[in-house]
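Derivation of every value follows stated rules applied to the coordinates shown; laboratory data play no part. Note that this is a predicted model, so its numbers are computed, not measured. Note that each Cβ is placed from the backbone with ideal geometry, even for glycine, and that neighbours are counted across all protein chains shown.
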Amino acid sequence: MTEAVARQLRDGVAVGEQAPAVMVRDTLDTRAGPAISDHFFSSLCSNIEAARAQAKGLVAVALRRTPESYTVTSPFRKGNFKPGHWLQVVDCYTDPLGWNKVADPGKEDNSSQTDLPTQITVCHDVTNLTSLLAYVLDSGQAAVDNRATERFVVLIDSVSVLLRYHTLPALTSFLSALRSCGQVSAVLWLVHADLHESRVVASIEYLSTTVIHVEPQLQLPSEAKILNLRRGRIRVRTKKRNGRVREQVEEFFIELVGVNFSPVTLVKDMNPPTVMKTTTPKVQFNLDLSEKEREDRSKVILPFEHQGDGREAHIYDGRPDPVDSQFRKLGLSRNPSKDNDSQNLGSSQGVVGEIHYLRDSDDERPDSDEDPDDDLDI
């Protein structure tokens, strides 16, 4: 999955879209976030130098370490690239609040040193995001030789430092302005998540197209957390253009030559699953019937079941019988024996119950979904 993130930074922005933003977040449990960020920085530099990337330049905003760390050989960089004019550094580390400039006004900035292959521009006021944005865009123009058609990548090594001096809306506006710039190909930044509130981290994640969660491989006590400095795992969450989210997990190990990534090894249970001997659930009562219960069940006469009295069993479906209607018009009964039985039953028992069922229409099906009890008048 890290190769996919590197390709996303290499391919840059699509037509009609904002620049992709990759966010690396770590915590105190594993402080490997800068090493992960340096891995993608090294990959970007190699692709830009070999002309394989969409961007032709790179601007590094140094907030948490010296600007010289981006220009000298670093043990965390893969590939022996030579920094050139395409790599520009905005120095927000040396004098972030302008105190050195006030103490020694005659001191020249490093940006005046033209003999360096990588130009370093010193920012003396990180509390002014408008000025910082202008420094970044000017350095990007210098990285692409002032060609308006070329693009550049912006790297911010610590957004947490900017959150010391700015509110969340101001910072999100600054990051959105970078993504909306026509010459910015991609943006990469690092956030220390445990230094901020969850809503702040969630708002910054909302601006990102890819979020890399750096997590410890082992949950250890505070005195043994040093074991998580070089080993851990990352969860890469990428948001697609159609709104779908894809998440993958990889393990990493920090070596002297760089960071090595490998897929997560899943430990499978070698014990075979137990086979159930019976499908009957284990309950506290008996589901089988006794002999007496079977005999009683056989004696139950179901509705509309033939009673064995020698007459034909008629199942009434609720529709009026046309033959009975003709007999009623003549004042006759179709089955006088049945009427006599009813009269005898009424005289013997005193009360005879009748059920009058009125159908809504003759077209109603007997097996319709309507409740037939709604039309009963007992």
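Per residue of the stretch 140-150, what does 6.51 cos²θ - 1.76 cosθ + 1.60 with θ = phi - 60° give for ³J(HN,Hα)? Whole Hz please, x for Gly and Pro, Karplus curve as stated.
x, 4, 5, 5, 9, 6, 6, 8, 5, 8, 8
Using only the alpha carbons, work out the radius of gyration and Dmax of the stretch 2-263 in angstrom.
So, for the stretch 2-263, Rg and Dmax equal 17.9, 55 Å respectively.
Whole-Hz Karplus ³J(HN,Hα) for the stretch 155-169, in order, using 6.51 cos²θ - 1.76 cosθ + 1.60 and θ = phi - 60°, x for Gly and Pro?
These are the phi-based 3J(HN,Hα) values: 10, 10, 6, 6, 6, 4, 5, 5, 5, 5, 10, 10, 7, 5, x Hz.
Which of the peptides 134-143, 151-160, 247-256 is most tightly packed, and how do the rest follow, judged by the mean count of other Cβ atoms within 10 Å per residue?
The most tightly packed comes first, giving 151-160, 134-143, 247-256.
Taking the number of other C-beta atoms within 10 Å as the exposure measure, put 144, 300, 90 in order starting with the fewest. Don't skip to the end; give the middle numbers.
Numbers: 144 21, 300 7, 90 27.
If I rank by nearby Cβ atoms, fewest first, I get 300, 144, 90.
Through the Karplus equation 6.51 cos²θ - 1.76 cosθ + 1.60, θ set to phi - 60°, convert the phi angles of the stretch 31-36 into ³J(HN,Hα) values in whole Hz; use x for Gly and Pro.
Karplus-based 3J(HN,Hα) across the stretch 31-36 equals 9, 8, x, x, 5, 5 Hz.
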